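Since every read-out is calculated from the coordinates, none of them should be taken as a lab result. The structure displayed is predicted, hence computed values, not measured ones. All Cβ positions, glycine included, derive from the backbone under ideal geometry; neighbour counts span all protein chains shown.
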Amino acid sequence: MLLRHTPKEITERKALVINPAKTCQPIGAMYASLGINGCLPHSHGSQGCCAYHRSTLTRHYKEPISAATSSFTEGASVFGGQANLLQAIENIFTVYEPEIIAIHTTCLSETIGDDLKQIALKAEAEGKIPKGKHIIGAPTPSYVGSHVTGFSNMVKAMAGMATPTGKKNGKVNIIPGWVEPSDMRELKRLAEMIGVDYTLFPDTSGVLDGPLSGEYTMFPKGGVTVPELKGCGDAIGTLALGEWCSADAARWLDSKCKVPCSVLDMPFGLKATDRFIDALRTVAGTTVPDEVTYERGQLVDLISDMHQYFYHKRVALAGDPDQLISMVEFLTSIDMIPAYVITGTPGKKFETRIKELTKDVPCEVKVKAWGDMFLLHQWIKNEPVDLLIGNTYCKYIARDEDIPLVRWGFPILDRQGHQYFPTVGYKGGLRLLEKILGALLDRKDRDDPERTFELVM
Ligand code: SF4
C-alpha cells in the first residue's frame, strides 16, 4: 500500500526509479522500422531482447511483429557480434527477401562497442547485400533515453537515405512522430484534403492496422517506400511533428539536403491541429478546403456544448513528451486542469514547456521529466484528481485511488481500438473528448445512480 508522503520525502528520491514511465529504446526503433515498406527490423543483441521488443509491440498493436535477431550467446558477448550480424544479413536477404533491413543495437551490443556502420560496410564489401537492397542502422542503447529516443534515432537513419538530385520534387516531408497507424492515416487524409503532395515517414498505416485476410503477409503493402525515402532530399520542406520524436531527422534533412524544416507540436487538440493545418497550407501554397473547416467547427461545437463537464476538472497525465505537450495544451484550452504531468523520457525542456503552457492555470501544476509512476501515485495520494490519462500501467493507480482512466499513449495492452481510431486532427479531437467525457460521466452515473441524467446543453 502506498502511504501519503510529505512533499520533502517525495522530492528527495533521486537515485531510484520505481515503475518507470518509459520502456526500452529498441522498441521505438523497431516500431519506426515497421513503417518502411518491405522492411525487416533486426535487433543486434540477444534473443531475449528481441522477444521482448516484439511481444510489447504485438500486445499493443494486436498484429504479429516480424523481426530478426543477431542471437548473441556468450561468445558474441565477449568477442563482439560482428560475425553474428554478417551471418544474419546474409540469411535474412536469402530467406525472407526484404527490401531493406533496419538494424538497431541493444544494451549489450552497445556496451561491447559493436560498430554498425563498419559492419554494414563489411557486409557490402563481402557481397552480402544483394543489388538494389538496403541496410540502415541506428544506435539504441537502452541505458540512456527511452523508447522515444530509439524511435527518433531510427527515423533519423531513415532520413539518412535521402539522396538529393538537386531538383525539387514538389513534395512535403511529414514526419508524424510516434503516433498510432490510425493517426498516420488521418494525417495523410488531412494532407490530401488540403491538396499537399507528401512523403510521410515512418508510415505504419497499412502495416499494423491491416484487415484479417486469412493469409499471413510478412511484408504488408503499407509503409513508406525506399524510393520515397530517397526522394526526401528533394522535398520543398519538412514538417516534423514533435521535438522529441521527429526534430532530429528534420534538422538533418535541413542541414545536409537543404530541405527547410518546421518543428511543430503533434496535432492533438484544437490549437495544435490548427497550427498543423496552417503549416501544411503555407508550405504547399494551397488553401484550406471547406470540409476541413467544417470538421474544425464540429470540434468547437462539442467543446462549447460540453464545457461545463470539463470545467476545472483535475487531470493527471503520464506518457511521452510530444504527446503530453499537445494534450496539456488541449486540456487547458477546454478549462481542465492538468495538475500532474509525468514522462519517463529525460529532458528539462519538457518541464519548461509544460510550465509555459500551464502558466495561467489557477493552481500549481506539477511536472517531471525522467519521472516514474510511483511519483505520480504519490502526488495523487496527497491531492487527488478527477481523471487519469495515460497508458495501461496507469490502471494500477486508477484502481487504487478509484479514479477514471482514459487509456491513451503507449503501451495499451488491455484495450482495442487505438490502432483503428485516430486521436490526431479535428476528428481525433472529437474522439479524445468523447473518451474523456465518457469517463467523467460514467463516474457521475455511478456515484449517483438514482439521478435522472441527460446531457445539459
Ligand atoms: S537489455 Fe537493454 S535492449 Fe535488451 S530488453 Fe533490456 S533494456 Fe532493452
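Points worth noting:
- Take the Cα of Thr286, step 7 Å toward its Cβ, do the same at Arg59, and the gap between the two points is 4.0 nm.
- Placing dummy labels 7 Å off each Cα toward the beta-carbon, the span from Arg13 to Asp335 is 3.6 nm.
- Karplus-derived HN-Hα couplings along the stretch 322-339 (A = 6.51, B = -1.76, C = 1.60, θ = phi - 60°), whole Hz, x at Gly and Pro: 4, 5, 5, 4, 5, 5, 4, 4, 4, 5, 5, 5, 9, 6, 8, 10, x, 6
- Between the Cα long axis of helix 373-382 and the first principal axis of the chain there is an angle of about 10°, rounded to the nearest 10.
- Low-density loop cleavage sites - GluC sites (Glu not before Pro) in the stretch 167-236, where at most 16 other Cβ are within 10 Å (DSSP): Glu215
- Packing-based exposure ordering (other Cβ within 10 Å, fewest first) of Ile18, Ile389, Ile354: Ile18, Ile354, Ile389
- Extension gain from Asp442 to Val78, taking 0.36 nm per residue of separation minus the Cα-Cα distance: 125.4 nm
- Mean Cβ count within 10 Å, highest first, over the residues of peptides 195-204, 395-404, 144-153: 144-153, 195-204, 395-404
- For the chain, fraction of C-alpha pairs farther apart than 33 Å, in %: 37
- Only lysine pairs 8 or more places apart or on separate chains count here, and in the stretch 330-406 those with Cα atoms under 14 Å apart total 6.
- If you plug the beta carbon distance of Tyr396 and Tyr96 into 1/(1 + (r/R0)^6) with R0 = 41 Å, you get a FRET efficiency near 0.55.
- Residue exposure sequence - Trp244, Trp408 - by fewest surrounding Cβ within 10 Å: Trp408, Trp244
- Axis angle, to the nearest 10 degrees, between helix 425-447 and the longest C-alpha principal axis of the chain: 50 degrees.
- Exposure proxy order (Cβ contacts within 10 Å, fewest to most) of His60, His307: His307, His60
- For the stretch 172-289: lysine pairs under 26 Å (alpha-carbon distance), excluding those fewer than 8 apart on one chain: 8
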